[in-house]
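Structure, as structure tokens:
The values are calculated or read from the model by the stated rules, or taken from the named source; none is laboratory data. Given the structure is predicted, the values throughout are model-derived calculations rather than measurements. Ideal geometry is used to build each Cβ from the backbone, glycine not excepted, and the neighbour counts take in all protein chains shown.
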Amino acid sequence: MAVKIRLTRMGRKKKPFYRIVAANTEAPRDGKFLDVVGTYDPMQEPALINLHQDKLQHWLDKGAVPSTTVKSLMAKVTAE
């Protein structure tokens, strides 16, 4: 089972809110996931990014691969 760290969409129409989750690569975007690693709210100014570093590191140590969007969000958090 390959694990990927990616976004899952929440919120309502025209008001997106995302959870950063560890999920099986074969699961659908808004489907079953293994663990919630953080949140991303692009509607706030500036965009609010909340990562649980211990959970994120746990999944990265187990071999989970972050998506390109999650990589850029992780880079923004570390730059702050």
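Of the conditions (1) at pLDDT 95 or above; (2) out of contact with any Leu (no Cβ under 8 Å at 6 or more places or on another chain), THR39 clears all except one; give me its number.
That leaves (2) as the condition not met.
Within segment 1-59, how many residues turn out to be touching a helix residue (DSSP H, G or I) at 6+ places or on another chain (Cβ under 9 Å), over 21 Å from ALA79 (Cβ atoms) and among the aliphatic types (A, V, I, L, M)?
Here the count works out to 4.
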